[in-house]
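Down below is the structure, laid out as structure tokens.
No lab work stands behind these numbers, since they all come straight from the coordinates. Because the structure is a prediction, the values reported are computed rather than measured. We place every Cβ from the backbone using ideal geometry, glycine too, and count neighbours over all the protein chains shown.
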Amino acid sequence: MSAPPQLRMAGGLRGALAAGRFAVTAEIGPPRGVDPHSVGRSAALLRGWVDAANVTDNQGAHVRLSSLAGSLLTAEAGVEPVMQLTCRDRNRIALQSDLIAAATLGIPNVLLLTGDHPRFGDHPDAKPVFDLDSVQLVWTARTMRDDGLLLSGRPLDPRPGFLIGAVENPFAPPTDFRAARLGKKVAAGAEFCQTQFVFDVAGFARFMAEVLDRGLDTRCAVLAGVGPIRSLRAYEFIRTKVPGVHVPDEVGRRLRGVPADRVAAEGVAICVETIQALRETPGVAGVHIMAFGYERGIPEILERAGLERSARAG
Amino acid sequence: MAERPHPTSPATSARGTYRLAPILRPSPVHRRVAAWLERSPRALRVFTAAERRTKEAVFGCRMCGQCALPATGYACPMTCPKQLRNGPCGGVSPSGACEVYPAERCVWVIAHERAASAGRADDLALLQRPVDHRCSGSSSWVNYWLGRDEGLWTGDDGLDDRPAIHRSPVDLGLPAVRR
């Protein structure tokens, strides 16, 4: 790939996965507004602590700065970006164009997903696109990179070189199809996968056992999604309002079992313990931390979970 | 059809549908009928309308013109609000409800149940290629009998050869893409 080398971080996500090092990624939500420093501020909190940071694509179908621009600002701030790209707002022409743009501008990783339905966003009146689904988008990106072809069959020269990621939710029904569904994404070309929030480590271990059974872990690095629940309101919200998140009752019992001023600390402690348990779970290649509005707390969580900064400073 | 896509449970049982489906399998008779329909625009319109009415009533068909039903437990993936052809999204509720229409069951949960009950759960692992929107509104049965549906999906797991996303060229009588 002839990408501008200044955006390449030392090692980065690809390097961590290739070295078999427990990888850490986090998430940056671009701003609603045109503040050119907002993304950089979030990225600065993560620099050295993560191998790469996802930049979300109008997350929850709420309009924000585009993930392409956010990824460039993230790279400028010294953190390797993972550009998220959803099928919600673009047809196959725009998707391929954005993938070409990402590769041309030196964005080394893309995470390809279906996307939340516009009904849940701030423009419920928008036209949902969904021209491709996430498996087909992963397949398209792989075809562009490895075969040097667009969906039209036209050649792409030079080809992109990005690392291709996908997502999976091990807890959503039909649960006995979830590992097979990840298998489809792997067959289509996914090299890493970030999962929905894991609060139920035992349930996640059952999913991972099937992933190992199918040999998917040797072709695709699975990064388990984690994040701190820092208030009872956040607990209720994530339990009832966020599609596809499974929070066991035990988490609620622990959060309710401490004085009100200790709930945030208990939530962080649960997150730290979850990461520690995931490090011991066979097949888990890393964690993906989602801490909306609490990026400043990510270094502490990682440090307490034994994931030191020095290992990824670059 | 004009309605937004919403998850639709088929009106017929999985067992019954799997048992009935072979009568539509392409045969020389089917091919002759399809070829004749293609030459007779009025007959094709009547045939397509009948197909639409039948499949709308039974599967909630949206006439994409490239039927995935045989590989999805005969539950139509085009009734998914995101029209996902390769399996459920991550937003399915613990009870199996659709994230967009919580009063409805996710059509992929239905598809998985039906396929599994017929011993066909592996069908859901097939990679479904992107939809050709030029086929929208056309008769999927005619397309099927004339072999245009070949290559809608592939069983390739990507281990030996990378599965190709392209379908073998399909002649729809439309201008070809210039290379």
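Each principal axis of the Cα cloud of chain A was evaluated for its coordinate range; sorted largest first, these ranges are 61, 46, 43 Å.
Only counting other Cβ atoms within 10 Å, I'd like A:Asp131, A:Asp157, A:Asp35 sorted with the fewest neighbours first.
Values: A:Asp131 19, A:Asp157 6, A:Asp35 12.
Starting with the residue having the fewest Cβ neighbours, the order is A:Asp157, A:Asp35, A:Asp131.
Loop-located GluC sites (Glu not before Pro) in the range A:170-244 (DSSP state not H, G, I, E or B) with no more than 16 neighbouring Cβ atoms inside 10 Å do not occur.
Within the listed set A:Thr274, A:Thr56, A:Thr240, the residue fluctuating most in the Gaussian network model of chain A (springs between alpha-carbon atoms under 10 angstrom) is A:Thr240. Coupling constants for the range B:112-126 follow from the phi torsions by the Karplus curve (6.51 cos²θ - 1.76 cosθ + 1.60, θ = phi - 60°), and in residue order they are 5, 4, 5, 5, 5, 5, 9, x, 10, 4, 5, 4, 5, 7, 5 Hz; glycine and proline get x.
Translational diffusion coefficient, Stokes-Einstein: compute it for the range A:42-114 using the Kirkwood radius over C-alpha pairs as Rh, at 25 °C and 0.890 mPa s, and state it as an integer in µm² s⁻¹. If you can, show how the numbers build up before the last one.
On the way: Rh = 12.4 Å.
Rounded, D is 199 µm²/s.
By a straight-distance test (C-alpha under 23 Å), which lysines pair with B:Lys55 as possible cross-link partners, with residues fewer than eight away in the same chain excluded? Answer for B:Lys55, where 23 Å is the Cα cut-off: B:Lys82, listed by chain and number. Karplus-based coupling profile of the range A:206-223, in residue order and whole Hz: 5, 4, 5, 4, 6, 4, 5, 3, 7, x, 6, 5, 7, 10, 8, 7, 9, 9, with θ = phi - 60° in 6.51 cos²θ - 1.76 cosθ + 1.60 and x standing for Gly or Pro. Dipole orientation for the range B:68-120: of the candidates B:Val109, B:Cys80, B:Leu69, B:Leu69 has the Cα lying most toward the positive pole (charges on Cβ; Lys, Arg +1; Asp, Glu -1).
Over the range B:26-179, the pair-distance histogram of Cα-Cα distances with 10 Å bins from zero comes to 10, 34, 35, 17, 3, 0 percent, rounded to whole numbers. Phi angles of the range A:164-180 translate, via the Karplus equation with coefficients 6.51, -1.76, 1.60 and θ = phi - 60°, into HN-Hα couplings of 9, x, 9, 10, 8, 10, x, 9, 8, x, x, 5, 7, 9, 5, 5, 5 Hz per residue; Gly and Pro are given as x. Panel note: the C-alpha atoms of the range A:216-312, placed on their principal axes, show extents of 42, 31, 23 Å (largest first). Taking each residue as 0.36 nm, the span from A:Arg206 to A:Val258 lengthens on full extension beyond its C-alpha to C-alpha distance by 15.7 nm. Remark: mean inter-chain Cβ contacts per residue of A:119-130 equal 2, using a 10 Å Cβ-Cβ cutoff to other protein chain atoms.
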